[in-house]
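The values are calculated or read from the model by the stated rules, or taken from the named source; none is laboratory data. From a predicted model like this one, the values you see are computed outputs, not experimental measurements. Please note: Cβ atoms are built from the backbone with ideal geometry, for glycine as well, and neighbour counts cover all protein chains shown.
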Ligand SMILES: Nc1ncnc2c1ncn2[C@@H]1O[C@H](COP(=O)(O)OP(=O)(O)OP(=O)(O)O)[C@@H](O)[C@H]1O
Ligand SMILES: Nc1ncnc2c1ncn2[C@@H]1O[C@H](COP(=O)(O)OP(=O)(O)OP(=O)(O)O)[C@@H](O)[C@H]1O
Ligand SMILES: [Mg+2]
Ligand SMILES: [Mg+2]
């Protein structure tokens, strides 16, 4: 029963990871932009939702506002931070440091306007009850599963049916050539940021309900997203999502064998192990050396 | 063979007094080039003459500092997506394929760019595979795993997909075995004759290129120093090559 | 010489623990407002704030600035890591340091210039254990961060509980920045303890644990230490019924100093006062008393003389009652609180 | 009969189901320029990669001075005196032209090179000589990325020239060059062979091939179909059909 | 004032050493490490333990710090030899996170979260060098030596070999470069130097715990290198001074209510970082407009 319980909580954690990781993976996979500020988008989405609820808004509207804010944040960063840097041939690390700067700035802005503590949106969805003997589940688990399945299906469908997925993959390989094909690399970059940032929204909302969100929540999101992206295989959206789910489950299950203070480090052990023994990740193409 | 007023309506893509370059230096200034409808125009010149730059400017990949670009006699400011929309294809110098995508996916991308779907798309693929039958052999392999020449084949095939009315080819022969180069040029020439297409061909393999060209233009250090027809040289192209 | 006396504050003003820094700063400010109103001192007091970022390095830079640029003679600090990094710098510069927030037991002996105006955590647990015995709460599970605070509390529980017939049934050590406790909660459910003690230096983490434990359907009594005085914990709906120790602070007391503190706090900050606020308020007052003593004796006000004065007097009438200082720390009254209908009430 | 420096025996390479190279034998004789010709995808580059250890052979052997070097790491093989160029050049893009060449002259992978000051000066001299011969002296301080196309081709050659290796494997070194540059290129290679360098050359340009090659090995679909002096190979109607197609057969 | 400035300068000097050593990995060898704070920490713990248990001689302790950090850098070399680019960034991240957990749990070596307290004042050959001025001098000398070592190595064939690997690994191999060996050596050199910086850091603070070796620290060091100018000698120094002095200067901004100081400072700090990268992508000391 303990196992089942841990599995359930693992799935819930994992879904949050999967959603954020998929967003990060999509952006990174397509644009090669190491979007460290993905965590900032997460925090913005979470606070937007919280603030709207505080203002008495009906939750679907609040969700909508949260989507708009996150997507807007993504687009702004793509256009005003990353584009100028990439135009001047900024290296991987130039982008990294700029994105890091943005994260700090966003974090302090949120702190300034919303305070430093953790905020939580109260909801009856998080109250667990005994479903079967010894297994406690909260309705939010079902919501999370439902939302993530719908969202992933939508995104995957969009990417595959609309050829946009192909465009994004091509973008990751050679944006210049994309232009020679007559496609617009800038628009595709923005598209990647729109979808990637949108994916983070449900995760942010679920987190603000189930755990609570604070200005500094972004960094953990970023780390796990990054780990899942690599474990899943760079360029594979499904891989990242599955890896996120898996990391969440393992993080929970692992405490049956190791002490609790190690549970977080285990995700990174796994990351390390993957890089050592299967650098292409679960679904990636073999790494070219 | 300078363009006179009567030729105007026939022009497909034209550069008028065009100047362009990089950061600090101009590669060419006040250049005039007129690609007529249904002709193959061969542009040759030494390394660094500015041929690729001109092609890039015409396709909108590179900004120009002065002059005009005319498409079918209309003044335009070229941008890659517009040009593609107008049925103009460009084959860049070097490996013009996405190495991580399969040949099929490379094609799908080009079809997407040309907004072709369904049966139209299938027909186009059929036709190109008819021109370049070898493509079938590696249809589902990643382009990056192909040999240099095979990649070049994919690149040209892809450019033919959107049924282009104008084709800009930048040194398609690099890395191609002579037979393959011919195998490539001949069907293109055939298609061109059959349904009409303007081709601007930049080449170093002057002999082969002249065999298929209608006109030839020589560029030297950013200036056009000669305009003529292949017959001027009666097969002895060394004379032409010594011009630059 | 009569001032201006420079008093420094070294609190985290940004980052995860900035909430605490804000409250501490307000409290110190309030104390000096009162000192000024009373014309207690001849000299003016100037407050200089430095952001410790809550990290040792930030603390070191901030402390070094306070001592050498601002020439603070008296500095209020908080947080264990910061205190440890600041103590040697303060000692070198002969600045008196007062901690009113961190409760790691190892803070007692950092430096002769370093004094705690807050009873350290082990004292709180010592006070709690007999009460647990009375309530027949025997089996305790502990969720703790493996630092001085957590260890102090954990050790105290482990040795203290058996004397009252209780025991620690299970203990979970967690990293200080963990936010997600579902796996621990699953195991807690199996442990079936009578109560769960939460010992983390990270205020938002305590909040996360409380919320997630309750959401997870665990109904057992929750226990923690004085950190629950922070609104982000005490105002959580899930904190209903939470029991925690803190130093004695009877907000309804009619001791004039206390009454004045409580009233002005409510008026000025529109929130309920907390023991942390109280401690730093007292930290401010303490400086007033020490400096006054020195002024009266015609001595200069320096870190050295302040420490001397503290040792000489030993006992001070501060908000909440008389406080006795010895061995680098303070002995003060303790109390047990329970959150009932969102309000913190003293139950013992 | 001249001395065989490098030879391959029964060399094969499969990529998944694709037999890119099938049991190829070939000898590179001292001072002889051997051209590898054949249609695209014939396996020419793959043979180079097998010889230099960049790919691991599925079967067969590579012998240097009669000793097997199969399974050795690329850097070991390079240190044994085999220098190669790449179809896609692979310059050290952000280093200066001079450093691009200098680095090729410093084989020791340690904190310092043996030989002290004297050796250092000798290396510098080597660099200047290589730059001069390839006509790059004027742009020695430019970064490789800032070179024009033709210059990058010559830099790629300068690196190899400087190593002092006696065996060169050149993968389409002159492709895309104009007539003038091509002739310069051919001259440099001629000089090198005169100094005793053994060259194996992949080339699609007939001019270059006929002007340089002493022997041509003809490959198709991973198999070696012929190896002989150019006159013979270029007269074989079968090969011509494969390589040049019909219209060129009179050439 | 003077002591504060000395203190800041000391810290800036220590971080300059750290950033310069990271530059060996990032700028020259193309090894994108974001676990540098772990090696900084290894040096700090090793040096501090040596000072606590044996003798607080800053030279000996630094050597110990360098040796321990350099030796354990082989841990990082392992993945570095297998993967590159973003994959290696992720490996570094894994090492960083696991390393922090180990630092927090290895109580007997690191003092856990509580850290190591009471590191004795530094001495050199028996003389006390713990006064701010003297210790700054010690740190400056260490910086000069580190820079001299780095400069000599990077201008030698070793540096060129590293750069050739950075630019094109397979080509470097084809010119006889033993890539795994060179990468490992670069790693050992970089990490040994940061080990020295770590030891000096421990002496300077007289107290160390995990909070000084977190991912944020690693990123801060990286930011120093990038903001200063990757692959340049002076870049890391400029970056270190800039990123350490800037927040200190920001504390002198008047008119900010004390409760908001931190927030405003952080906002300015973060925005400046982003803006610098937009307008000076190759770093302050880097060549402009270069591609
Ligand atoms: N990205 C660039 N930045 C700066 N200068 C460039 C760039 N690309 C080309 N050039 C310069 O512009 C000039 C023209 O180059 P271009 O590529 O158009 O020549 P080309 O005629 O196509 O030569 P080739 O036959 O070698 O392909 C050359 O001097 C070249 O060095
Ligand atoms: N890494 C690889 N994975 C799979 N197949 C490969 C790989 N490298 C080459 N091939 C295949 O092996 C065959 C031989 O390729 P190779 O590059 O040796 O040809 P080549 O003779 O050099 O041709 P070209 O003249 O076009 O450069 C080709 O069919 C190619 O697609
Ligand atoms: Mg060109
Ligand atoms: Mg090849």
What about residue B:161, is it crowded, with 22+ Cβ neighbours inside 10 Å, under 23 Å from residue B:108 (Cα atoms), at pLDDT 85 or above and more than 16 Å from ligand 4 (Cβ to nearest atom)?
yes
Breaking point among (1) surrounded by fewer than 20 Cβ atoms within 10 Å (Cβ to Cβ); (2) in a helix (DSSP H, G or I); (3) within 14 Å of chain C (Cβ to nearest Cβ), for residue E:121
(2)
Segments classed as strands (runs of 3 or more DSSP E), wholly inside region B:8-88, with at least 1 members that are free of Cβ contacts under 8 Å to residues at least 60 places away in the same chain and more than 16 Å from ligand 2 (Cβ to nearest atom):
B:11-22, B:25-36, B:66-71, B:74-76
Which residue, of B:77, B:103, B:128, B:97, is away from every other protein chain (no Cβ under 14 Å), away from ligand 1 (no atom under 16 Å from the Cβ) and crowded, with 21+ Cβ neighbours inside 10 Å?
B:128
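Does region B:148-155 contain at least one residue that is more than 12 Å from chain D (Cβ to nearest Cβ), within 16 Å of ligand 3 (Cβ to nearest atom), within 30 Å of residue D:14 (Cβ to Cβ) and touching a residue at least 40 places away in the same chain (Cβ under 8 Å)?
Checking region B:148-155: at least one residue is more than 12 Å from chain D (Cβ to nearest Cβ), within 16 Å of ligand 3 (Cβ to nearest atom), within 30 Å of residue D:14 (Cβ to Cβ) and touching a residue at least 40 places away in the same chain (Cβ under 8 Å).
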Report every pair of residues separated by at least 6 positions or lying on different chains whose Cβ atoms are under 7 Å apart, first residue within region A:69-86 and over 18 Å from residue A:26 (Cβ atoms), second not in a helix (DSSP H, G or I).
A:85/E:281
What residue, of C:200, C:183, C:170, is over 30 Å from residue A:215 (Cα atoms) and either buried (at least 23 other Cβ atoms within 10 Å of the Cβ) or in contact with a strand residue (DSSP E or B) (Cβ under 9 Å, 6 or more places away or on another chain) (or both)?
C:170
Being farther than 9 Å from residue E:174 by Cα and more than 16 Å from ligand 4 (Cβ to nearest atom) is the filter; apply it to region D:77-94 and report the residue that is surrounded by the fewest Cβ atoms within 10 Å (Cβ to Cβ).
D:80
Consider region A:60-92. How many of its residues are surrounded by fewer than 23 Cβ atoms within 10 Å (Cβ to Cβ), more than 19 Å from residue A:175 (Cα to Cα) and either in contact with a helix residue (DSSP H, G or I) (Cβ under 7 Å, 6 or more places away or on another chain) or within 12 Å of chain E (Cβ to nearest Cβ) (or both)?
8
Looking at region B:27-70 only, could you name the residues that are more than 16 Å from ligand 3 (Cβ to nearest atom), within 14 Å of chain A (Cβ to nearest Cβ) and within 15 Å of the chain's Cα centre (by Cα)?
B:60
Please go through (1) within 14 Å of chain E (Cβ to nearest Cβ); (2) buried (at least 23 other Cβ atoms within 10 Å of the Cβ); (3) modelled with pLDDT of 90 or more for residue C:140 and return the number of the only condition it doesn't satisfy.
(1)
Being modelled with pLDDT of 90 or more and outside any helix (DSSP H, G or I) is the filter; apply it to region E:200-217 and report the residue that is farthest from residue E:144 (Cα to Cα).
E:214
Starting from residues that are touching a residue at least 60 places away in the same chain (Cβ under 8 Å) and within 15 Å of ligand 2 (Cβ to nearest atom), keep the ones in region B:172-204 and report whichever is farthest from the other protein chains (Cβ to nearest Cβ).
B:172
Of the residues in region E:245-291 that are at the interface with chain A (Cβ under 7 Å from one of its Cβ atoms) and in a loop (DSSP other than H, G, I, E, B), the one that is modelled with the highest pLDDT is E:281
Looking only at region E:56-78, how many residues end up being over 15 Å from residue E:99 (Cβ atoms) and outside any helix (DSSP H, G or I)?
2
Looking at (1) away from every other protein chain (no Cβ under 12 Å); (2) more than 16 Å from ligand 1 (Cβ to nearest atom), which one does residue B:141 not meet, given that it meets all the others?
(1)
When the residues of region C:267-320 are narrowed to those that are touching a strand residue (DSSP E or B) at 6+ places or on another chain (Cβ under 9 Å) and on the phi > 0 side of the Ramachandran plot, which ends up surrounded by the most Cβ atoms within 10 Å (Cβ to Cβ)?
C:320
Would you point out the residue of region D:162-197, among those that are more than 14 Å from chain B (Cβ to nearest Cβ) and without any contact (Cβ under 8 Å) to a residue 40 or more places away in the chain, that is nearest to ligand 1 (Cβ to nearest atom)?
D:186
Out of D:36, D:5, D:28, sole residue that is more than 24 Å from residue D:243 (Cα to Cα) and touching a residue at least 12 places away in the same chain (Cβ under 8 Å):
D:5
Within region D:61-69, identify whether any single residue is surrounded by 18 or more Cβ atoms within 10 Å (Cβ to Cβ), more than 14 Å from chain B (Cβ to nearest Cβ) and within 16 Å of ligand 2 (Cβ to nearest atom), and answer yes or no.
yes
Please verify whether region D:138-157 includes one or more residues that are away from ligand 1 (no atom under 16 Å from the Cβ), buried (at least 19 other Cβ atoms within 10 Å of the Cβ) and within 19 Å of the chain's Cα centre (by Cα).
no
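For region C:217-226, does any single residue satisfy the condition of being within 14 Å of another protein chain (Cβ to nearest Cβ) and either part of a helix (DSSP H, G or I) or in contact with a strand residue (DSSP E or B) (Cβ under 7 Å, 6 or more places away or on another chain) (or both)? Full working, then the answer.
Within region C:217-226, the subset within 14 Å of another protein chain (Cβ to nearest Cβ) is C:217-220.
Among the residues that remain, those that are also either part of a helix (DSSP H, G or I) or in contact with a strand residue (DSSP E or B) (Cβ under 7 Å, 6 or more places away or on another chain) (or both) are: C:217, C:220.
Within region C:217-226, one or more residues are within 14 Å of another protein chain (Cβ to nearest Cβ) and either part of a helix (DSSP H, G or I) or in contact with a strand residue (DSSP E or B) (Cβ under 7 Å, 6 or more places away or on another chain) (or both).
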